[in-house]
Number of protein chains: 4
Amino acid sequence: MARTKEQTDQMSAATREKIEAAGLACFAQKGFALTSMKDIAEAAGISTGLIYRHFASKQELFARLVDDTMTEMTETIRFLDAESSPSRALVQVTDGLLRDIQANERISQYFILMTRSLLALEPLPQMEELQKIDLLLFRQAARLIERGQEQGEFKPGDPYQLSLFYFSIIQGIADMKLFMGDRYIVPSAEDVMVFLYNK
Amino acid sequence: MARTKEQTDQMSAATREKIEAAGLACFAQKGFALTSMKDIAEAAGISTGLIYRHFASKQELFARLVDDTMTEMTETIRFLDAESSPSRALVQVTDGLLRDIQANERISQYFILMTRSLLALEPLPQMEELQKIDLLLFRQAARLIERGQEQGEFKPGDPYQLSLFYFSIIQGIADMKLFMGDRYIVPSAEDVMVFLYNK
Amino acid sequence: MARTKEQTDQMSAATREKIEAAGLACFAQKGFALTSMKDIAEAAGISTGLIYRHFASKQELFARLVDDTMTEMTETIRFLDAESSPSRALVQVTDGLLRDIQANERISQYFILMTRSLLALEPLPQMEELQKIDLLLFRQAARLIERGQEQGEFKPGDPYQLSLFYFSIIQGIADMKLFMGDRYIVPSAEDVMVFLYNK
Amino acid sequence: MARTKEQTDQMSAATREKIEAAGLACFAQKGFALTSMKDIAEAAGISTGLIYRHFASKQELFARLVDDTMTEMTETIRFLDAESSPSRALVQVTDGLLRDIQANERISQYFILMTRSLLALEPLPQMEELQKIDLLLFRQAARLIERGQEQGEFKPGDPYQLSLFYFSIIQGIADMKLFMGDRYIVPSAEDVMVFLYNK
DNA sequence: GATGAATGAGCTTTCATTCAT
DNA sequence: CATGAATGAAAGCTCATTCAT
C-alpha cells in the first residue's frame with residue numbers, strides 16, 4: 001500500500017533541505033528580488049512547483065531562512081555569554097563568524113542573507129517580525145558587551161551602539177568577501193574587536 | 001528658428017543631471033531591482049522615454065552612477081594623499097564619509113549605491129569594468145596606507161588587505177545606518193580607524 | 001492470497017461512488033474551474049491519484065456526472081409520462097425538482113450541475129455528446145407537453161420551445177437559490193407551470 | 001511636443017472600450033475563471049499588459065462590467081416605474097430584455113454576465129458590494145411590483161420574492177439562449193410575466 | 001527633443017496529471 | 001490497488017524598452 005509514512009517523511013525532509021540550501025545560496029548571491037523561484041528550483045535540482053509544497057511563497061522561504069539564521073546566532077551568543085568571560089565569549093563568536101566567512105561555509109551564507117534582509121527595504125510582510133529578531137540579536141550582543149564593560153574588559157560607551165558597530169563590521173566583511181572572493185582575506189577577530197578595547 | 005546648439009546642450013545636460021539625481025536617490029533607497037524606470041522618471045519629473053535618450057538601459061544608468069561615485073572617491077583620496085600626512089588624510093576622508101552617512105547626504109547615497117553595486121552580482125554587463133574601478137579605489141587607499149606605514153603612522157601588514165578591511169567597515173556602517181535609521185549613531189573616525197594603529 | 005475478483009470489484013465500485021458523490025458536491029458548489037482534483041480527493045477521503053484509476057480526467061468525471069443527471073431526469077420524465085396524465089406528471093416532476101432545490105438535496109446538486117454544464121462552454125471534448133443528452137431530456141419533456149396539448153391540458157404552441165422555456169425557469173430558480181440561499185423561497189409548481197395553461 | 005492631451009485621451013478611451021467589449025464577450029461566453037487575460041487581449045487586438053493600464057486586475061475588470069450592468073438595469077427600472085403604470089413598465093422592461101437576449105445584443109451579454117456573477121461563488125473581493133447592487137436591482141423591481149399590486153395589476157404575495165422569481169426566469173432564459181443558440185426562441189414578455197397575473 | 005501608450009518577456013503561483021514505491 | 005511527491009504547462013501580473021506622434 002504505497003510508501004510507508006517514514007519513507008514519505010524522509011523524502012519530504014530531503015527535498016526541503018535541498019530547497020533550503022539552494023535558496024540560501026541563491027538569496028545570498030543575488031538577493032531577494034533578483035532570485036527567481038526557477039533559479040532556486042534549478043539549483044536544488046527540482047521543479048518550481050515542488051517548492052510550493054514546502055513553502056507557501058518566495059517570501060516565506062526567504063523569511064524562514066533569515067529567521068533561522070537570526071535565531072541561531074542569538075542562541076550562540078546567549079550560550080557563550082553564559083559559559084565564559086564576555087571578552088572570551090565575543091572572541092569566540094567573532095572567530096567563528098570570520099572563519100565561516102573566510103571558508104564560505106553554510107553559516108557564512110546565512111550571514112550574507114542577514115545582511116541582505118537588513119538591506120531589503122522591500123515590503124516583505126514578515127519584515128517587521130524579522131526586525132524584532134534582529135533587534136533581539138543586537139540586544140543580546142549588547143548585554144554581553146555591557147557585562148564586559150562592568151568587568152573592565154571593554155571600553156565604556158553605549159553598549160547597544162557598540163553592538164551595532166560590531167555587527168556593521170561583520171556585515172561589511174561578509175559583503176566584501178562576497179565581492180572580492182579569494183582576493184580578500186578576512187581580518188583577525190582581534191582587528192575586528194580592537195575598537196572595543198580602545199582606551 | 002530653432003534653438004542654438006548651446007541651448008540644446010544645456011537643456012540636455014540639465015535633464016541628464018535630473019535623471020542622475022533621481023536615479024541616485026531611488027537606487028540608494030530601494031536598490032536596483034526594486035527601482036523601476038517609472039520611479040526614476042517621476043522623481044526626475046520627466047517621461048520614461050526621455051531617460052533612454054541619455055542612457056541606453058537601466059543597467060547603464062546604474063553603472064554610470066556607480067562609476068561616478070568610485071571615480072570621485074578615488075580622486076578625493078588621491079588629492080588628500082598629496083596634501084597632508086597619510087594619517088590626517090585618511091581621518092579627513094573617513095570623517096567626511098561618516099558625516100555624510102550620518103546626515104544622509106548626497107554623498108552618502110553615492111556610498112550606499114557603491115555598497116549595493118558590490119552586492120549586485122547580477123549579470124550587469126559593465127560589472128567587470130566597475131570592478132576595475134573599485135579596485136582602483138581600493139589600491140589608491142592602499143597606497144595611502146602604505147605611505148602611512150612607511151612614516152610609522154599605521155601598523156604593518158599588507159596595505160591592500162588593510163584597505164579592503166577599511167572599506168568593509170565603511171560599507172557595513174552605511175548598511176547599518178540604512179537599516180536602523182535614527183536608532184544608529186555612526187561611530188567616530190577614530191573608532192573606525194583604530195585597527196590601523198593597533199599595536 | 002489475493003482478494004477474490006468480487007471483493008476487488010466491490011471495493012472499486014465503492015471508491016467510484018465516493019468519487020462521484022464528492023465530485024457532485026464540489027462541482028455543484030464551486031463550479032468546474034474552481035474545483036480542484038485535490039478538493040474532490042479530500043472530500044472523498046482518498047488520494048488524488050486514485051481518481052485517475054476511475055476517470056481519465058477531470059473533464060471526464062464532470063461529463064460523467066452531468067450525463068448521469070440528464071439520463072436520470074430523462075428516465076424520470078419518461079416514467080411519469082407513462083404513469084399518469086401529462087399535467088399531473090409534470091406537476092409531480094416540477095414539485096420534486098423544486099422541493100430538492102429548496103432543500104438543497106442531492107438531486108438539487110445534480111440540477112445545479114446541469115445548469116453549470118450548460119454554461120460551461122469550455123472545450124469539454126465530450127460536450128457535444130452531452131448536448132445530445134440534454135436534447136433528449138428536452139425532447140422527452142416536449143413529448144409530455146405535446147401529449148398534454150392533445151388532451152387539452154396545456155395551451156397550444158411549439159412543444160419543444162415550451163419545454164425549453166420550462167427548463168429555463170427551473171435553471172433560473174436553481175441559480176437564484178444558489179445565489180440567495182435562505183433569502184430565496186422557491187416558487188410553487190403552479191407558478192412555474194402557469195405559462196403552460198395561459199389561455 | 002508629442003501628442004496633444006486630447007489625442008492621448010481619445011486613444012485611451014478607445015482602448016478602454018475595446019477592452020470592455022472584449023471582456024464582456026469573453027466573460028459572458030466562458031465565465032470568469034475560464035477567461036484568461038490573454039483571451040481578452042486577443043479579442044481586443046491588444047497586448048495583455050495594456051489591459052493593466054486601464055484595470056488593476058482581472059477581478060476589477062469583471063467587477064466593473066457587472067457593476068455597470070446592474071446600475072444600468074436598476075436605472076432603467078426606476079425610470080420606467082416613474083413614467084407609466086407598473087404593469088406597462090414591467091412589460092416594457094421585459095420586452096427590452098427578451099429582445100436583447102434574442103438578438104444577442106450587447107445588453108444581452110451584460111445580462112449573462114450578471115447571471116455569471118450571481119453564480120460566481122469564487123471569493124471575488126468586491127463581490128459583497130456587487131451583491132448590494134444586485135439586491136438594489138431586486139428591490140427596485142420589488143417596489144414596482146408592489147405598486148402594481150396596490151393598483152390591482154399584479155396578484156398578491158411578497159413583492160420581493162416575486163421579484164426574485166421574475167429575475168430567475170430572465171436569467172434562465174438568458175442561459176438557455178446561450179446554450180441553445182438559434183434553436184431557442186425566447187418566450188414572449190407575456191409568458192414571462194403571466195405568473196404575476198395568475199389568479 | 002519629449003511623451004506615454006503599447007509591447008512582450010519573464011516572474012510568481014496553481015494545479016491536472018504522472019509515476020515510483 | 002493506493003499513495004502523494006513531483007512535474008510542467010499555463011495563469012495573472014509587472015516593467016524595461018520601443019515608437020508613433
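If R0 is 45 Å, the Cβ-Cβ spacing of A:GLU105 and C:SER57 corresponds to a FRET efficiency of close to 0.40.
Contact order for the stretch C:1-55, expressed relative to its length and based on alpha carbon pairs under 8 Å spaced 6+ residues apart, stands at 31 percent.
Inter-chain neighbour count for A:155-165: the average number of beta-carbon atoms from partner chains within 10 Å of each residue's beta-carbon is 3. Computed packing ranks the peptides C:167-176, B:85-94 as C:167-176, B:85-94, most packed first, by mean other Cβ atoms within 10 Å. Counting neighbouring beta carbons within 10 Å and listing from fewest to most, the residues D:PHE27, D:PHE179 come out as D:PHE179, D:PHE27. Label-to-label distance, B:ARG88 versus B:GLU150, with points set 7 angstrom from Cα along the beta-carbon direction: 1.8 nm. Between the residues C:PHE55, C:THR69, C:GLN171, the greatest Cα displacement towards the positive end of the dipole of chain C, with unit charges on the Cβ of Lys, Arg, Asp and Glu, is found for C:PHE55.
Normalised by the number of residues in the stretch B:1-106, the average gap of Cα pairs under 8 Å and 6 or more apart makes the relative contact order 18 percent. For the protein assembly as shown, the 222 nm mean residue ellipticity estimated from helices alone, with every DSSP H stretch of n ≥ 4 adding -39500 (n - 2.57) and the total spread over all residues, rounds to -27000 deg cm²/dmol.
Note: relative contact order over the stretch A:58-197, using C-alpha pairs below 8 Å and six or more positions apart, is 32 percent. Charge dipole of the stretch A:1-69 (Cα centre as origin; +1 on each Lys and Arg Cβ, -1 on each Asp and Glu Cβ, all else neutral): 200 debye, rounded to the nearest 20.
Other protein chain C-beta atoms within 10 Å of residue C-beta, averaged over A:42-52: 0.
One Cα centroid belongs to the stretch C:22-38, the other to the stretch D:41-118; the line between them spans 28 Å. Phi angles of the stretch A:37-53 translate, via the Karplus equation with coefficients 6.51, -1.76, 1.60 and θ = phi - 60°, into HN-Hα couplings of 4, 4, 3, 5, 4, 5, 4, 8, x, 10, 8, 4, x, 5, 4, 6, 6 Hz per residue; Gly and Pro are given as x. The mean number of Cβ atoms from other chains found within 10 Å of a Cβ in peptide B:27-36 is 3, as a whole number. Simple spin-label estimate for D:ASP68 and D:THR48 gives 2.3 nm between the two label positions (7 Å along the Cα-to-Cβ direction from each Cα).
The simple spin-label model puts a point 7 Å past each Cα toward its Cβ; for D:GLU190 and D:LEU135 those points are separated by 3.8 nm.
Any read-out appearing in this document is the output of simple, stated calculations on the displayed coordinates, not a laboratory observation. Owing to the predicted nature of the structure, the values given are computational and were not obtained by experimental measurement. Methodologically, a virtual Cβ is constructed for each residue, glycine included, from the backbone with ideal geometry; neighbour enumeration extends over all protein chains shown.
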